[in-house]
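Take a look at the structure below.
The values are calculated or read from the model by the stated rules, or taken from the named source; none is laboratory data. Keep in mind it's a predicted model, so treat the numbers as computed, not measured. Counting neighbours? That spans all protein chains shown, and the Cβs are built from the backbone with ideal geometry, glycine included.
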Amino acid sequence: MKNNKFLITIAVVASVMVFASCKKTFLDENLTTARGIDFYKTDAGILSLVNGTYYQVFNTPFNGEHAFSYMNYGTDEFRVGGDNSNGMFNAYSNGLASIVTAVNSNTVTANAQWDNLYIGIGYANLIIQNATASTSTADAIKKTALGEGYFFRAYNYLRLVSQYGAVPLKTTPSNGVELEFTRATPKDVCAQIINDFTQAYNLLGNTGGPAKITKDAAAHYLAKAYLFRSSEINDSWNSSTKAADLAAIGPLCDAVIANHPLAPNYGDLWKYTAVDGANEKLSEVILSAQFTLDASASGSNTQHLYYISRYDDLPQMQRDLTGDRPFSRLATTYFIYRIYDLVNDSRFWKSYRTKSRLNKPSGAYYAAGDLGIMYVINQPGDTRFANYKLNDVVVYNKTGKTIPNVYVAFPNGRTTDGALFADVRFPSLSKFMDGSRSGGFNDVRGLRDITLARSAETYLIAAEAKIRQANMGVGSYNDALPYINAVRTRGEYKNGEDRSAYYDGGGAASSVPQSAALNSFFTENSYYESNNISVTTAPSTSLAVTNIATLPVGDEYVISKLGYTTNYDRMLCFVLNERSRELAGEYKRWDDLSRTKTLVARAKAFNPDAAPNIQDRHLLRPIPQTFLDGIQMNGLALTPDQKQAMQNPGY
């Protein structure tokens with residue numbers, strides 16, 4: 001069993017049950033089995049509290065829909081798929097407010113994220129207080145547990161300030177009910193975050209990752225905190241810290257990179273074959289939320305449900321374990337299709353499922369295992385396909401049979417985006433697909449880990465810092481290229497590599513076997529059909545960028561669409577695009593676009609649902625009404641005017 005997967009209940013108070021008659025007390029019974037809050041002052045209690053906080057902070061957000069609603073919706077990468085349960089987070093409609101208008105029981109409440117983060121902070125404050133006060137001399141308490149406490153607190157506050165701006169700053173445990181809170185400025189919150197991550201960095205060792213927080217994890221997130229403080233969202237107050245923050249990022253990132261070499265093949269990151277398998281322990285992975293077969297220890301990872309396009313409603317197809325349950329919450333946008341070099345960059349083809357096997361054949365022509373679905377992700381101007389939707393027209397060259405369901409990104413010479421939107425069809429992001437689910441094809445409980453931090457992002461944090469330093473006159477924009485190119489060249493096809501080979505976690509073995517005839521998992525992608533090139537095993541043309549004046553075609557397209565002209569804007573755009581190519585869907589995008597104040601422009605340009613509604617006020621989230629209604633000022637509930645003053649502008 002992984003060592004950080006335990007549930008706890010905090011502040012269970014021992015009670016005394018007294019039954020009395022009019023003449024005497026006939027039973028005095030002390031309940032000695034319950035653990036009171038004093039338990040968490042002991043070494044055993046501190047360690048138990050740490051384990052429970054891992055679960056609360058890292059695992060809980062991925063059991064449900066609030067992670068993608070707050071971090072992936074409403075960006076340039078994703079829009080609503082076939083289910084609008086949380087569509088207000090994507091469209092920035094009136095339903096996104098201090099009280100979120102519920103569409104159905106799946107709709108995320110306005111306070112879901114806020115409450116989860118503050119619960120984690122409460123746990124972290126208890127760890128810090130009790131580990132500090134402990135008379136133990138053991139490193140497990142005075143260094144590891146204390147360092148983990150500081151990390152947890154900083155991690156949660158970084159999420160809060162990134163989403164809400166000014167937030168209440170609470171750094172000690174509560175001894176009773178507290179109702180009076182004010183919002184600390186982002187400047188003060190950032191100072192606390194950086195201090196806490198620094199404490200964690202100084203206290204922690206480098207063993208136990210990615211299941212446990214390490215010095216490298218603290219360094220990675222400390223660099224992220226410095227980058228956040230240096231970003232445009234904070235430009236009204238960060239001038240005194242910006243230069244030092246940016247200078248600190250490079251050494252931190254270099255140390256992490258040295259200890260966490262990139263996986264040789266980008267596909268290795270997503271080649272999930274079994275619970276606790278090899279891909280979850282790659283050297284590139286710095287920190288992850290741990291899930292396992294033991295439901296009592298790790299809870300449920302449901303993220304495999306949300307990025308899957310419907311396949312079970314198509315002709316001759318049915319739901320199966322390897323295709324996952326298609327809740328279809330998030331659809332890829334055309335921004336994703338346009339930014340990759342689809343001939344030389346393998347990362348798209350290793351991140352998205354573009355072919356599926358036929359698993360419900362009808363008639364004598366088709367057999368189980370024939371190619372049943374294909375997405376052609378071609379480029380504008382391609383005239384090979386007459387329509388975006390082609391049933392039983394396109395022939396699969398390996399069998400000579402037509403393919404029942406073909407969808408084309410740019411049909412009939414089209415040069416404008418959006419053909420696939422007509423039917424809400426899209427290739428599924430496969431980074432979270434999970435065929436190891438033990439309860440069969442309707443099971444929602446996923447077992448694969450969620451990667452929270454990996455060194456490919458560390459490279460891109462360092463690159464962005466170099467770009468920002470160049471804008472301040474320190475070094476040059478070329479200083480960012482070695483970091484960016486390390487990530488890009490890893491994505492190239494290697495000599496001898498089969499460019500059509502495909503694997504995702506849907507193919508992981510399950511403890512509930514399913515007939516091979518019923519499986520939709522297909523070991524190919526649509527690389528050749530999409531690119532219309534001859535089969536080759538030659539290495540890719542290099543993806544390395546050597547001249548900032550001529551960036552890759554996809555980047556120049558985005559730069560032109562957004563109207564950027566300065567070297568700084570062009571290079572910041574380039575690194576943000578690179579973050580999408582490398583990290584799409586990995587719960588970082590909204591924060592990245594908000595902090596760089598590019599969210600509005602990119603959502604307007606690439607997300608048709610968000611474009612009509614998004615405004616500058618949407619760079620921050622609304623403060624939940626439950627918080628505003630629950631707090632007091634000078635012993636009295638807030639007046640409507642006081643609540644409005646406490647709220648973010650525009651909500």
**Request:** Go through the stretch 594-618 and count every residue that is surrounded by fewer than 23 Cβ atoms within 10 Å (Cβ to Cβ) and part of a helix (DSSP H, G or I).
**Result:** 8
**Prompt:** Which residue out of 69, 98 is within 19 Å of the chain's Cα centre (by Cα) and crowded, with 19+ Cβ neighbours inside 10 Å?
**Reply:** 69
**Prompt:** Could we say that residue 334 is in contact (Cβ under 8 Å) with a residue 24 or more places away in the chain and in contact with a Lys or Arg (Cβ under 9 Å, 6 or more places away or on another chain) here?
**Reply:** no
**Failed item, numbered, when residue 542 is tested on (1) in a helix (DSSP H, G or I); (2) more than 22 Å from residue 74 (Cβ to Cβ)** = (1)
**Message:** Can you pull out every residue in the stretch 545-593 that is more than 23 Å from residue 68 (Cβ to Cβ), part of a loop (DSSP other than H, G, I, E, B) and not aromatic (Phe, Trp, Tyr)?
**Reply:** 545, 546, 547, 548, 549, 550, 551, 552, 563, 565, 566
**Message:** Return the residues of the stretch 533-567 that are over 22 Å from residue 486 (Cβ atoms), touching a residue at least 40 places away in the same chain (Cβ under 8 Å) and of a type in the set (Ser, Thr, Tyr); say none if nothing qualifies.
**Reply:** 537, 557
**Prompt:** Can you name the helices (runs of 4 or more DSSP H) wholly within the stretch 206-300 that have at least 3 residues being under 19 Å from the mean Cα position of the chain (by Cα)?
**Reply:** 215-230
**Message:** For residue 265, only one of the following conditions fails: (1) at pLDDT 95 or above; (2) of a type outside the set (A, V, I, L, M); (3) over 26 Å from residue 344 (Cα atoms); (4) surrounded by 15 or more Cβ atoms within 10 Å (Cβ to Cβ). What is its number?
**Reply:** (3)
**Prompt:** If you take the residues of the stretch 59-84 that are in contact with a Phe, Trp or Tyr (Cβ under 9 Å, 6 or more places away or on another chain) and over 22 Å from residue 599 (Cβ atoms), which of them is modelled with the lowest pLDDT?
**Reply:** 82
**Asked** Based on what the data block shows, is residue 408 among the aliphatic types (A, V, I, L, M) and free of Cβ contacts under 8 Å to residues at least 24 places away in the same chain?
**Response** no
**Prompt:** Inside the stretch 368-377, can you point out the residues that are assigned to a loop (DSSP other than H, G, I, E, B) and either at pLDDT 95 or above or touching a His at 6+ places or on another chain (Cβ under 7 Å) (or both)?
**Reply:** 370, 377
**Item:** Those residues of the stretch 339-367 which are closer than 28 Å to residue 71 by Cβ, touching a Phe, Trp or Tyr at 6+ places or on another chain (Cβ under 6 Å) and not in a loop (DSSP other than H, G, I, E, B), in sequence order
**Value:** 356
